[in-house]
Structure formats: C-alpha cells, structure tokens
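Colleague: One structure is given below, represented as structure tokens, and several questions about it will come after.
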There are 2 protein chains.
Amino acid sequence: MEAVNELEPEPELELEQVLAANQRFYAAFGALSVEQMSTVWLHEDWVQCVHPGWQLLQGWDEVRASWAKIFTGTQRVKLEIGNVSAHLEGEVAWVACTEDVLSSFERGFDQAQLQATNIFVRRGDSWWMVAHHASPLPPAAEPTLQ
Amino acid sequence: MEAVNELEPEPELELEQVLAANQRFYAAFGALSVEQMSTVWLHEDWVQCVHPGWQLLQGWDEVRASWAKIFTGTQRVKLEIGNVSAHLEGEVAWVACTEDVLSSFERGFDQAQLQATNIFVRRGDSWWMVAHHASPLPPAAEPTLQ
C-alpha cells in the first residue's frame, strides 16, 4: 500500500474542507435553496444523485431539477446530520452520514431516517459535490427490557 | 476545470479495469463466496458498506461478516446488473448500476430491484472496492395504456 496522502501537503486541512462542503450541502437542503445547491454541486453531465426511492439522476440539469421539485413541495425541513465519517483519497473524498429529516408540507409531516454517501472532488482550491446517494435506514432498535 | 484525466496515461483502459473490478464484485455476490469478496475489497478499517435497510458497516471485518451472514442464509442468487455508468477521477472511480436480485432461501424467494453506488481505488496496478451502497428502487413504471 502506498501512502497516497503524503502527496497532499495538509490532509487534515483537506478533510476539514470536505466536511465544510458537506455542511454546505445540508445547509442548502435545510434552506430549501436551489441557488445554494447550485454552489455546492459541480455542474457536469456525469454528477449523480439517488434520492430515497427515486431512480438514479445523472447530470447537473437532472439533479438541479430534482431539488427544485423537492423544495417546491416542502414548506420547511429540519435536518439532523449524525455519524459523520469522511475519507480522503487525493483529489476525491467521500462522506458517510445519517440524515434525520423532518419535512412539513401543506397537508402534513414526514419523518425519515436516512443513510447517505456523498462524494466530492477537488477543483483548484475548492471541493464540489459530485454524487449523493441517500436511502432509508432500518427503524431504530427497540430498547432492551433489562 | 483542469483536465485531470490527462495525468492518466490511458483513462479508457483504467475505466475498463474499474468495470472489471465491478464485475468481479457481482461475480463474488452471485457465487455467494466470501473468499471471492475478499479479493475484491480493500482490507482497510475505513471501507464502508450499506446493504438495503442495514445500518452503515465500516471496516473490512464488519463488511466481510455481513457478506458471510447474507451468503449463509441464501441458497442461490441470480443477479442482473444494468444501467452501468462509471466515472474516473485519478486514483478513484465510482460505478452506478442497477441490481435485479433474485434470492432463494430454504423457505422461499425474495426479489429486489436496487440502485448501487460502488467506489473503487487504485493501488499499484489494481482496483479495489472501498464502498458499496445499495438501496431499493421504486417499482417499475406501469405500462401506459396507449
């Protein structure tokens, strides 16, 4: 195994920037803002997104349209992000985290516990989201009766 | 945008090798073989796996144990992989594909349509799986009545 990270001057700083990009993604989600999403994602035809229970979306146009559709139907969203872990590999990094999503609509609420895999690439000094895959977690374990 | 792939001598050959690694992963799955899985995954404590409806697994020990558990309970599995797309970014690549999984157990069958995101890294001349995230796709669209 080669120590790939030795090529990077400051991998810890890089990881901080990746985690900051991940936070910007969830800030855009929480703000229901397509404009903010647009500053987080790389605008390429090969970026990809899997929303829970959706088909794969490919390319920024499809990804952008999906967020616009989700945000249009949502009045408010409250997000809690947990169990964040990140791995850096040169110019690419990916983050695993849980999403606790409480959404309110005109006619009610929806709550979802999701597991996400988010991939980022570096261009110059900036990290950009290039893939998001979120899917339902199993129900929380019942407390044991002891 | 910098042309990252120009750093690679033969990106098309690299992509072929990534797709071959992806095929070896599904061959191991189809063969219900932990030994084959072991030759596909990088044995590091940061690799990660999300099976449909499972919590995130981290590290090769957990990932290996999960495949062993799945394979032990399964008599046969028939896999059809579709809509494969891959993207290469230096020493990292990821593959999106659909999985049509027909599993037979002692007491019945299960069929699942899944969307997968598979991440690979290069070490020397070889590509290794470092992340797998699979989750349920929506039911196939009803044929239109026209």
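Colleague: Work out the charge dipole of the protein assembly as shown with +1 on the Cβ of Lys and Arg and -1 on the Cβ of Asp and Glu about the Cα centre, then indicate which of B:138, A:23, B:127 is farthest towards its positive end.
Modeller: The residue sitting farthest along the positive end of the dipole is B:138.
Colleague: Give me the summed buried accessible area for the A-B pair, 1.4 Å probe, to the nearest 100 Å².
Modeller: Using a 1.4 Å probe, the pair buries roughly 3000 Å².
Colleague: Now for a separate question. Assign unit charges at the C-beta atoms only (+1 for Lys and Arg, -1 for Asp and Glu), then state the dipole size of the range A:6-146 relative to its Cα centre in Debye, rounded to the nearest 20.
Modeller: 700 debye
Colleague: Quick one: grab Rg to one decimal and Dmax as a whole number for the range B:69-146, Cα atoms only, in Å.
Modeller: 16.1, 54
Colleague: Once neighbouring chains are kept in place and the probe is 1.4 Å, which whole percent of the accessible area of the range B:42-137 is contributed by carbon and sulfur? The partial results should precede the final answer.
Modeller: Values: 1960 of 4280 Å².
C and S atoms contribute 46 percent here.
Colleague: Between the label point of residue B:30 and that of the same position in each other copy, find the distances and list them shortest first in nm, with every label point placed 7 Å from Cα along the Cα-to-C-beta direction.
Modeller: With the label placed 7 Å along Cα→Cβ, residue B:30 yields 4.5 nm.
Colleague: To continue, here is another question. Which cross-chain or sequence-distant (5 or more) residues have an amide H under 5 Å from the amide H of residue A:47, H modelled 1.01 Å from N in plane?
Modeller: Placed amide hydrogens put A:59, A:60 under 5 Å from residue A:47.
Colleague: Calculate how steeply helix B:11-30 sits against the longest principal axis of the alpha-carbon atoms of chain B, using the helix alpha-carbon long axis, and give the answer as 0 to 90 degrees to the nearest 10.
Modeller: 20 degrees
Colleague: Right, next: Using Cα positions and a limit of under 22 Å, work out the lysines in reach of residue B:69, with same-chain residues fewer than 8 apart set aside.
Modeller: B:78
Colleague: Would you mind telling me which residue in B:115, B:75, B:55 has the biggest mean-square fluctuation in a Gaussian network model of chain B, where springs connect alpha carbons within a distance under 10 angstrom?
Modeller: B:55
Colleague: Moving on to the next point. Taking chain A as the reference, fit the longest principal axis to its C-alpha atoms, fit the long axis of helix A:60-72 to the helix C-alpha atoms, and give the angle between the two in degrees, 0 to 90, nearest 10.
Modeller: Long axis of A:60-72 versus the principal axis of chain A: about 30 degrees.
Colleague: Report ³J(HN,Hα) in whole Hz for each residue of the range B:35-50, in order, from the Karplus equation J = 6.51 cos²θ - 1.76 cosθ + 1.60 where θ = phi - 60°; Gly and Pro get x.
Modeller: Those phi angles translate into 4, 5, 4, 5, 8, 9, 8, 6, 8, 10, 7, 10, 5, 9, 8, 10 Hz.
Colleague: Please compute the Cα-Cα pair-distance distribution of the protein assembly as shown with 10 Å bins starting at 0, giving whole percents from short to long.
Modeller: 6, 27, 36, 23, 8, 1, 0
Colleague: Would you work out which of B:85, A:87, A:77 lies farthest towards the positive end of the dipole of the protein assembly as shown? Charges go on Cβ: Lys and Arg +1, Asp and Glu -1.
Modeller: A:77
Colleague: For chain A, what is the calculated [θ] at 222 nm in deg cm²/dmol (nearest 500), taking -39500 (n - 2.57) for each run of four or more DSSP H residues and dividing by its residue count?
Modeller: -8500 deg cm²/dmol
Colleague: At 7 angstrom along the Cα-to-beta-carbon line, where would the label on residue B:73 sit relative to the other copies? Give the distances in nm, shortest first.
Modeller: Copy-to-copy label distances at residue B:73, shortest first: 3.1 nm.
Colleague: Given label points at 7 Å from Cα along Cα→Cβ, what nm distances, shortest first, separate residue A:61 from the same residue in every other copy?
Modeller: 4.9
Colleague: Let me ask you something else. Taking the square root of 5 times each eigenvalue of the Cα gyration tensor, what semi-axes in Å does the equivalent ellipsoid of chain A have, largest first?
Modeller: Value: 27, 21, 13 Å, ordered largest first.
The values are calculated or read from the model by the stated rules, or taken from the named source; none is laboratory data. Since the structure is predicted, the reported quantities are computational estimates derived from the model, not experimental observations. Here the Cβ is made from the backbone with ideal geometry for all residues, glycine too, and neighbour counts use every protein chain on show. Accessible surface areas use protein heavy atoms only, side chains included; no ligands, DNA or RNA. Shrake-Rupley method; radii C 1.70, N 1.55, O 1.52, S 1.80 Å.
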